[in-house]
1. Would you confirm whether any residue within region 15-23 is assigned to a loop (DSSP other than H, G, I, E, B) and touching a helix residue (DSSP H, G or I) at 6+ places or on another chain (Cβ under 9 Å)?
2. Does residue 2 qualify as being modelled with pLDDT under 85 and touching a helix residue (DSSP H, G or I) at 6+ places or on another chain (Cβ under 6 Å)?
3. May I ask you to verify whether residue 50 is in a helix (DSSP H, G or I) and more than 19 Å from the chain's Cα centre (by Cα)?
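The values are calculated or read from the model by the stated rules, or taken from the named source; none is laboratory data. Fair warning: this is a prediction, and the values are worked out from it, not measured in the lab. Reconstructed Cβ throughout: ideal geometry from the backbone, glycine too, with neighbour counts over all protein chains shown.
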């Protein structure tokens, strides 16, 4: 996604992007850092862990609820 410069498609978008860049430089806002992790570590693994915890929690409380 970073390789594609979508603001070159229209002059209005390029002007807005240039204004935003100037504002960011004046206020000292740094550019966002590129993600360093892979899809597996940043998305899939947390979802699997949350799912396992949810299933485990429901299993534990199902006995307490009488299910």
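1. First, pick out the residues of region 15-23 that are assigned to a loop (DSSP other than H, G, I, E, B): none.
No, every residue in region 15-23 fails to be assigned to a loop (DSSP other than H, G, I, E, B) and touching a helix residue (DSSP H, G or I) at 6+ places or on another chain (Cβ under 9 Å).
2. Working: modelled with pLDDT under 85: yes; touching a helix residue (DSSP H, G or I) at 6+ places or on another chain (Cβ under 6 Å): no.
Considered against the rule, which asks whether it is modelled with pLDDT under 85 and touching a helix residue (DSSP H, G or I) at 6+ places or on another chain (Cβ under 6 Å), residue 2 comes out as no.
3. On the way: in a helix (DSSP H, G or I): yes; more than 19 Å from the chain's Cα centre (by Cα): no.
Spelling it out, it is not the case that residue 50 is in a helix (DSSP H, G or I) and more than 19 Å from the chain's Cα centre (by Cα).
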